[in-house]
2 protein chains.
Amino acid sequence: MKQTKIFLNEKDIPRQWYNIAADMPNQPPPPLNPGTLQPITPDDLSPLFPMPLILQEVSQDRYIDIPEPVLEALTLWRPSPLIRAHRLEKALNTPAKIYFKYEGVSPTGSHKPNTAVAQAYYNHIEGVKRLTTETGAGQWGSSLAFAAGMFGIDVKVYMVRVSFDQKPYRKAMIQSFGAEIVSSPSMDTQTGRKIREKMPDTPGSLGIAISEAVEDAAGREDTNYSLGSVLNHVLLHQTIIGQEAKKQLEIVGESADVIIGCVGGGSNFAGLAFPFVRDKINGADIDFLAIEPASCPTLTKGAHRYDFGDTAQLTPLSYMHTLGHGFVPPAIHAGGLRYHGDAPLLSQLVKDELIRAEAYSQLDVFQSAILFAKHEGIIPAPETSHAVHAAVTQAIQAREEGKEKTILFNFSGHGYFDMSAYTNYLEGGLIDHVMTDEEIQESLKKLEGLPLSFNG
Amino acid sequence: MKQTKIFLNEKDIPRQWYNIAADMPNQPPPPLNPGTLQPITPDDLSPLFPMPLILQEVSQDRYIDIPEPVLEALTLWRPSPLIRAHRLEKALNTPAKIYFKYEGVSPTGSHKPNTAVAQAYYNHIEGVKRLTTETGAGQWGSSLAFAAGMFGIDVKVYMVRVSFDQKPYRKAMIQSFGAEIVSSPSMDTQTGRKIREKMPDTPGSLGIAISEAVEDAAGREDTNYSLGSVLNHVLLHQTIIGQEAKKQLEIVGESADVIIGCVGGGSNFAGLAFPFVRDKINGADIDFLAIEPASCPTLTKGAHRYDFGDTAQLTPLSYMHTLGHGFVPPAIHAGGLRYHGDAPLLSQLVKDELIRAEAYSQLDVFQSAILFAKHEGIIPAPETSHAVHAAVTQAIQAREEGKEKTILFNFSGHGYFDMSAYTNYLEGGLIDHVMTDEEIQESLKKLEGLPLSFNG
């Protein structure tokens, strides 16, 4: 019988996170204080984050130790399995081998708890009693709710309105873990109230929800803010995914030719890819594919420049691929991929051509998701389905070229909380929205006046 | 670091099913043909089932080989992990060790695919092109939809109306796997139309849905019927759970003092328990606890006698604990536990006092489910939550008695498709309904005239 799942033991969970800043050829320009337009200092960030996370944000150390209580929390679900998609390969009649790292085994069904437990732990040891955050599809909000609960911390989640309405089960999960949740824009913050006045029918956006969560945290002594993607320390915490995957590929004597992940802010992609990107920097021949929706094409069509992380311009300016902080993407179902920007580390690596980006339309993506589900028995989250579609496309290409290759993708999460999207798809109710260049130029125009580099 | 998860390799999946009929002290009386009141023959069953399953139904062999294609399908998710609930133990401050066998890793999130792949395979090799079935909470319907799809068989699922309305995500899952689904009672069968005429507002029941699925299958040459619990061959297929758990306990040098499962028809309970019941028959000291809802208390309050498996009296008469085939349980959320009867094998073992039964009210059950979720990171299905509550109760008792013991329960499925039940619970919208003796006597009265033994 062919081996399907490659497991590691709990003792094989990596003891350190891998920090790509130590190896990348060019560092991204530093984030700027929006007031002074100078690089932000640890003091600028301390009202929002605990010091260990701020230090990780600027660290140049290649490896950073994972604290024991974080490791212990991770053993609830890690190491996650690496799975060979034998049945999908057969259905596609491809010479390619398809492996996926299955992050759906976590408490909330995605990669998000990998960083949630670390962030909750560092806030806990600094005595923080309450955290605020935003969430798109709900993956992040539920993960922080669970992780913070383990360390006795209260959580308030601002959930993007369109997802709040589409995903009542995520809301129930967040409440089951003991957290408070509100639809964003809400009436609980100044930002929220202003936006609701101006745009009562807005579907909301991650940019808006971040503004609300930051405003809440900045206004209260006992409260910190927590972000589920984009920042360096978040990407750092996800690198256990790629480190595990490396060990698992070694066990079966394989090496990956193509490595794929979907990108919203960039953390699940980075988590799988960065430990392998190091190999590419050191000479290995690997093709990295970052996949985004055509309705929110930040890496493929955005500008690479300074922009705010949020709509209300409360965050530092980050140097990243962006569609403009005012961008409100159409209400596609891949809620986690609707962010206007990308992680600065990922943006830099795309700029430096170590990583390629592609944008797909959602009807193609759902078609591949259904194919995958029927053969492999796991229904992917709409976000993850973008990576699935890329893997399927690569496998078909291998068949057409008669070329063997090994494809590895990050199965960032299952779709059991996203079934209304599948109902819509099956009933023909989904449409594709591909952002036009005009729409994107219009959105980027609003960035005029923001600095282009940190010298002005 | 303490070990949390005990994994087996794919080569450790059991190669044979264990058949408790070979070891139990008393056999249950045989099922009767409702026309002749004589024991049913293979010919009576052949319009509905393929011959290998009929032979398994009456087999006295202790072990039955698992066909290679079934094993190969099982490797998509098996062996399932055995997990030590360290954090729950700590929260309960108990000297007891709590282990659970996590069947939520399967394609549909429960134990059901274990038998679905076997049933689909045997129908496939007999050339069957279409299967009908009923489903309560949707676990079984989605499992058969997935498994039959793997073998190229079409499926029509009759889903109990109350669950059909409460669980739109299950419906979407069944459709994603390519099956047809209809709310039961439906307009597609004579049985369904009759019941809708008489009781337009009925929440439906498994008994009604079985009648519809059997009527559909009996009326079409190309169609067989498939059942997700109760029958001997279904319990047989589930015994890989207990066989794996035994190996896993051996790895950590433990033996179980208490073994727990929830009971609807009895298959998940039997799957974990029967390989250990053999040990008890051979002298081991193990306490077996079968847990049911107080709103459908078949084992604790039902009669042990002959009854129909379905409402419309189309099935053979089975000797089992029953509340009467006309029983329509209140619309509690544990849809999979709403069946009026129990597996004859399980019923006989309860009668013979090898297994104890207890009935719980759902508010207690949800309270333990939330406690479990917060500490262990998995939200249990409402059905499974009955087993969780039993484990929690046993662990608290161990603390009060100052007694170490090892508790093993079957975590039959996760609750990610049942979150509306959690919303109801958290918002105070759930009520308890404990069936009274009068209600039960009333329902059992309708069985007057049915035979009490197969000699009349």
Scanning for something among the hydroxyl-bearing types (Ser, Thr, Tyr), more than 16 Å from residue A:265 (Cβ to Cβ) and either crowded, with 24+ Cβ neighbours inside 10 Å or over 14 Å from the mean Cα position of the chain (by Cα) (or both), does the range A:356-363 turn up at least one residue? yes
So for the range A:425-444 (the condition being out of contact with any Lys or Arg (no Cβ under 7 Å at 6 or more places or on another chain), outside any loop (DSSP other than H, G, I, E, B) and within 29 Å of residue B:178 (Cβ to Cβ)), does at least one residue qualify? yes
Flagged in the range A:222-249 as of a type outside the set (Val, Ile, Thr), assigned to a loop (DSSP other than H, G, I, E, B) and buried (at least 22 other Cβ atoms within 10 Å of the Cβ), in numbering order, are A:226, A:227, A:228, A:229, A:231
Here the residues within the range A:397-417 that are within 12 Å of chain B (Cβ to nearest Cβ) and touching a strand residue (DSSP E or B) at 6+ places or on another chain (Cβ under 9 Å) are A:413, A:414, A:415, A:416
Over the range A:369-395, the set of residues within 14 Å of chain B (Cβ to nearest Cβ), part of a helix (DSSP H, G or I) and either modelled with pLDDT under 95 or within 18 Å of the chain's Cα centre (by Cα) (or both) is A:382, A:385, A:388
When (1) within 20 Å of the chain's Cα centre (by Cα); (2) more than 14 Å from chain B (Cβ to nearest Cβ) are applied to residue A:182, the one that fails is (1)
Flagged pairs (Cβ under 6 angstrom, 6 or more apart or on separate chains; first in the range A:300-322, β-branched (Val, Ile, Thr); second outside any strand (DSSP E or B)) are A:311/A:207; A:311/A:208; A:311/A:211; A:311/A:325; A:315/A:309; A:322/A:302; A:322/A:340
If we keep only residues of the range A:179-207 that are in contact with a helix residue (DSSP H, G or I) (Cβ under 9 Å, 6 or more places away or on another chain) and surrounded by fewer than 16 Cβ atoms within 10 Å (Cβ to Cβ), then the residue nearest to residue A:314 (Cα to Cα) is A:190
(1) surrounded by fewer than 20 Cβ atoms within 10 Å (Cβ to Cβ); (2) polar (S, T, N, Q); (3) within 21 Å of the chain's Cα centre (by Cα) all hold for residue B:19 apart from (1)
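Listed here are the residues, each with its yes/no results for (1) over 17 Å from residue A:443 (Cα atoms); (2) of a type in the set (S, T, N, Q); (3) assigned to a loop (DSSP other than H, G, I, E, B).
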position: A:307; (1), (2), (3): no, no, no
position: A:313; (1), (2), (3): no, yes, yes
position: A:320; (1), (2), (3): no, no, no
position: A:324; (1), (2), (3): no, no, yes
position: A:327; (1), (2), (3): no, no, yes
position: A:330; (1), (2), (3): no, no, yes
position: A:367; (1), (2), (3): yes, yes, no
Note: among B:176, B:163, just one is polar (S, T, N, Q) and without any contact (Cβ under 8 Å) to a residue 12 or more places away in the chain, namely B:176
Can residue B:120 be described as within 24 Å of residue A:414 (Cα to Cα) and among the small types (Gly, Ala, Ser)? no
Requiring at least 1 residues that are touching a residue at least 40 places away in the same chain (Cβ under 8 Å) and within 14 Å of another protein chain (Cβ to nearest Cβ), the strands (runs of 3 or more DSSP E) wholly within the range A:2-120 are A:82-84, A:97-102
Does residue A:127 meet the test of being more than 20 Å from the chain's Cα centre (by Cα), more than 19 Å from residue A:215 (Cα to Cα), outside any strand (DSSP E or B) and within 14 Å of chain B (Cβ to nearest Cβ)? no
Checked the range A:133-179 for anything of a type in the set (Ser, Thr, Tyr) and away from every other protein chain (no Cβ under 13 Å); matches are A:133, A:135, A:158, A:163
When (1) crowded, with 21+ Cβ neighbours inside 10 Å; (2) within 22 Å of residue B:266 (Cα to Cα); (3) not aliphatic (A, V, I, L, M) are applied to residue B:393, the one that fails is (1)
Among (1) within 14 Å of another protein chain (Cβ to nearest Cβ); (2) crowded, with 18+ Cβ neighbours inside 10 Å; (3) of a type in the set (S, T, N, Q), residue B:424 falls short only on (2)
Looking across the range A:420-456 at residues that are under 22 Å from residue A:359 (Cβ atoms) and aromatic (Phe, Trp, Tyr), the single one that is farthest from the chain's Cα centre (by Cα) is A:425
Of the residues in the range B:24-60, those that are of a type in the set (Asp, Glu) and surrounded by 15 or more Cβ atoms within 10 Å (Cβ to Cβ) come to B:44, B:57
- Query: In this structure, does residue A:219 turn out to be surrounded by fewer than 24 Cβ atoms within 10 Å (Cβ to Cβ), within 29 Å of residue A:122 (Cα to Cα) and modelled with pLDDT under 95?
  - Reply: yes
Subset of the range B:130-161, residues assigned to a loop (DSSP other than H, G, I, E, B) and under 15 Å from the mean Cα position of the chain (by Cα), comes to B:136, B:137, B:138
Sole miss for residue B:320 among (1) among the aliphatic types (A, V, I, L, M); (2) over 29 Å from residue B:81 (Cβ atoms); (3) surrounded by fewer than 24 Cβ atoms within 10 Å (Cβ to Cβ); (4) at pLDDT 95 or above is condition (3)
Being among the small types (Gly, Ala, Ser), in contact with a His (Cβ under 7 Å, 6 or more places away or on another chain) and more than 27 Å from residue A:243 (Cα to Cα) narrows A:381, A:421 down to just A:421
It is to be established whether one or more residues within the range A:296-306 are surrounded by 24 or more Cβ atoms within 10 Å (Cβ to Cβ) and either of a type in the set (Phe, Trp, Tyr) or more than 16 Å from residue A:229 (Cβ to Cβ) (or both). no
TODO: Please verify whether the range A:264-278 includes one or more residues that are of a type in the set (S, T, N, Q) and in contact with a Ser or Thr (Cβ under 8 Å, 6 or more places away or on another chain).
DONE: yes
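The values are calculated or read from the model by the stated rules, or taken from the named source; none is laboratory data. Computed from a predicted model, the values in this text were never measured in an experiment. Because the Cβ atoms are built from the backbone with ideal geometry, glycine has one as well, and the counts that use them run over all protein chains shown.
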